[in-house]
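Novice: Dropping the structure in here first, questions after.
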Amino acid sequence: MAKKKNAKAEADKEKKEVVETEDETPETVSKEEYDKLKADFDAQKDQFLRMAAEYDNFRKRTEKEKLAAFDNALASTVEAFLPVADSFNLALSSTEGVSDEFMKGLDMINKQLENAFKKLNVEQFGERGELFDPQLHDAVSRVDDDELEEDYIASVYQKGYKVGDKIIRHAMVVISN
């Protein structure tokens, strides 16, 4: 009876070895099979790399769109306050006969307005003596000015404002001949 158990155990062991050898891949493959497998692998690799690149581009584009949306919202909000800033600058320029206390109050308000613009990264541009840049300035007219060279800003009707590279409003200027 012990011989039967040993014989059965050896037969089971042989079956396991046969099964294990059937699951193993052969160590050598034909040139055609190798080329086919390599082509399949290269196609899968290319597809994976393209998908990874598409995802990266999508992520970058989405990030840019989020930043642009914030800049656009900020620009339109600041643009709504520009008429108030213009009126205030006009009030500051016509302060003849105003008491010192009133002038001091206007200066304090002006500093608060400038600090608010600074916190929002809003920059003013368009000062007398700057070189005219058609991307930043709108030329209203030309004048003869002995103090300035040609194409420099002689006077400013309305200051320009920008946030980063985004122009909120172009400066309206008079340029020299």
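Any read-out appearing in this document is the output of simple, stated calculations on the displayed coordinates, not a laboratory observation. Keep in mind the model is a prediction, meaning the values are calculated, not measured. Backbone-built Cβ (ideal geometry, glycine too); neighbour counts: all protein chains shown.
Novice: Counting other beta carbons within 10 Å of each Cβ, put F102, F81 in order, fewest first.
Specialist: Taking fewest neighbouring Cβ atoms as first place, the list is F102, F81.
Novice: Neighbour counts of other C-beta atoms within 10 Å: give me R128, R61 arranged from fewest to most.
Specialist: Fewest to most other Cβ atoms nearby, the residues stand as R61, R128.
Novice: Same structure again: Would you work out the relative contact order for segment 51-176, in percent, from Cα pairs under 8 angstrom that are 6 or more residues apart?
Specialist: Value for segment 51-176: 24 percent.
Novice: In Å³ and rounded to a whole number, note down the convex hull volume per residue for the Cα atoms of segment 51-176.
Specialist: In segment 51-176, the Cα hull volume divided by residue count equals 130 Å³.
Novice: Same structure, new question: Take the Cα gyration tensor of segment 110-177, multiply each eigenvalue by 5, square-root it, and list the three semi-axes largest first, rounded to whole angstrom.
Specialist: With the √(5λ) rule applied to segment 110-177, the semi-axes are 25, 12, 9 Å.
Novice: Report, in listed order, any pair from K60/K118; K66/K166; K60/K159 with a Cα-Cα distance greater than 26 Å.
Specialist: Among K60/K118; K66/K166; K60/K159, the Cα-Cα distance tops 26 Å for K60/K118; K60/K159.
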